[in-house]
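Here the structure comes first, spelled out in structure tokens, and everything after it is commentary.
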Amino acid sequence: MCHAQWQSNTGPSGAALGAVVGGDVERYVRALAMAGLVKPVAWGARPFGADELSELLRDTSAGAHPWKTAMQKALAPRASLGGMVFTSVNTGFPWGANDGAMWQGRGVTSAAGGAATFRWGPLSGVLAPVLYIAQNASFPLMPSTESGGSPYAEPLYPGVVDFPQRMGDAARARLDAGESSIRIAGSGMVGGISTASQGWGTGESFPAILGANAGGFPHLFVGTRARGLRIPFVGRVSGTYVLGTLGQSAWSPVQGSETFIDRAQPGTTRTAVGLSVSFMPAALDHLELGLSRFYHSPYLSGGNRWDAWSKPFEGILKKGFGSRSTGAGDLGGGNDNQLAAFFARWSFPARGVEATFEYLRDDYSWDSRDFAQEPDNNGAVMASIRVTTERTATHLAALTFEFFDGDVSPIAQVRQQNFLYANTIMRQGHTLNGQLLGTPIGVGAMTGQRVAWERFDPRGSWRVNVQRWRTRSLGSTDPELLFRPPAAPLPNNHDWIMDGSLARARVHGSSTATIEAGIAWAGTWQLSASRTNMYARASWSLF
């Protein structure tokens, strides 16, 4: 989906919350940077706090832009109160992505949230809890490939990922801490405690490791501010380190003890630890190169609970794990599930163009030879091109082309390859409370393409979005079927969905009303027949 985290559909007045990942303020800041209207900003690890937004606007290198005055007004107070309400309807099947902790099932989904913010010297905070209620109406479920498994679980990979196709058989309600945080900043650094969504890498709708799809998880963090740390004559270095915990849904393949006991009972809670760093060279200050590592590690009991804190700093080759690894046949590399990515972003402000590339690995390499010869093993790529189509004092518009390819590579014909975002030991996979932390398309062999256009003006914004997802591949449960013709034809070997939507945000003073309508047509759905979902969404915020 193109639509953003509903909790940040706030217009410029929502800048009091900071630039929430996936929200309209964040997309506006990215458009400003791409158009050369603010000084170069690192994009590899977000969110940006309200204090960082104030700094970016002070550093504006050009004249007026559409939301400048409104954002400055929103950021001026040292404290603020606000609230948000949201409602949506899906007629055919669950459809929603990059929308935080909320689950948008079939039927009506409603949510409400409040927000209180403060800034006092280097200390700042946001309290933004949200309550949502989803009708979660029934629809035909795909039979599970696991005998005796839950009918609501992910049907093709029920034992290795917590990704339910439906959240039970009744209405679903959840109270979530939302985009809340307490931050302390100084000397170009910032740290604190947060439950806010994180954005790592360059993806917008298709983030490789972390984005707004599942919302945030409780974590401690420390990192640099938005523009990074300047090293004279060298460039700017930016980064973020996080340490927290991840929860699961009621339909997870892992049950029993909260903490890790053994591989049969890896624990219903996981430790999340990760590091994302990037570099912008002084000679090419609009080029950003970065690396990210994120771990799902066992949540241990007693004094060993946080032993995983150092994982992002260890070696990248499985052979070096010593007693934690049993040889080339070891599928786990210890008991961790690592995701790692390299990303690059190069913008050309004079032309209003930005190009990005990201490469994701959902596994370790055994040794340097394995790393060099087979880099596509358990990998995925994401790329995008953004072009500024209008840049005046009152209008700013951008056209985005985004591409994600997480297909199983031909190497699967000669060696075992895991399925993207699934794991055989930390069996919740790359999820939080039953929703994917990264790209929302799906699990296994999936791909997505998106074209979007967004135009900002002093009265709000327009968004047009068209995309195609290939969400499920039957052959990816046996990778050889993807490359060798089966004995019998498989006319419905893939699920795929075409989606188009139009959204309008209208700003009136410190309030913003947003409406969106669209159609998602599944040419093949549940590996059987086609199905259509018509959807509409509306939200209103006041700060």
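Assorted remarks:
- Taking Cα centre as origin and charging only the Cβ of basic (Lys, Arg, +1) and acidic (Asp, Glu, -1) residues, the dipole magnitude of the chain rounds to 1260 debye.
- Fraction of accessible area attributable to carbon and sulfur, the chain (%, probe 1.4 Å): 62
- Dipole-positive endmost among P375, A185, T259 within the chain (Cβ charges, Cα centre): A185
- Full extension of the segment from M189 to T145, taken as 0.36 nm per residue of separation minus the current Cα-Cα distance, would add 11.0 nm.
- Between the amide H of G18 and those of A50, distances stay under 5 Å, these residues lying 5 or more places away or on another chain, with hydrogens modeled in the peptide plane.
- Anchor K39: lysines whose Cα lies under 18 Å away (excluding residues fewer than 8 positions away in-chain): K68
- Cα shape, region 82-153, gyration tensor, a/c 1.5 rule: prolate
- Farthest toward the positive end of the dipole of the chain, out of T424, L436, G239, is the Cα of G239, where the dipole comes from beta carbon charges about the Cα centre.
- 3J(HN,Hα) couplings calculated from phi for region 304-314 with the Karplus curve 6.51 cos²θ - 1.76 cosθ + 1.60 (θ = phi - 60°) are, in sequence order, 8, 4, 10, 4, 6, 4, 8, 3, x, 9, 8 Hz; Gly and Pro show x.
- Cα lying deepest toward the dipole's positive end in the chain, options S205, M142, G121, charges on Cβ: G121
- The 3J(HN,Hα) values that the Karplus relation (6.51, -1.76, 1.60; θ = phi - 60°) gives for region 236-241 are, in residue order, 10, 10, 10, x, 8, 10 Hz. Gly and Pro appear as x.
- In the chain, helices alone account for a calculated mean residue ellipticity at 222 nm of -1500 deg cm²/dmol, with every DSSP H run of four or more residues adding -39,500 (n - 2.57).
- When +1 charges are put on Lys and Arg Cβ atoms and -1 charges on Asp and Glu Cβ atoms, the dipole computed for region 122-181 relative to its Cα centre reaches about 140 debye.
- Accessible area in square angstrom per residue, the chain, 1.4 angstrom probe: 37
The values are calculated or read from the model by the stated rules, or taken from the named source; none is laboratory data. Since the structure is predicted, the reported quantities are computational estimates derived from the model, not experimental observations. Every residue, glycine as well, gets a Cβ built from its backbone with ideal geometry; the counts of neighbours run over all protein chains shown. Heavy atoms of the whole protein, side chains included, go into the accessibility calculation; ligands, DNA and RNA do not. Shrake-Rupley method; radii C 1.70, N 1.55, O 1.52, S 1.80 Å.
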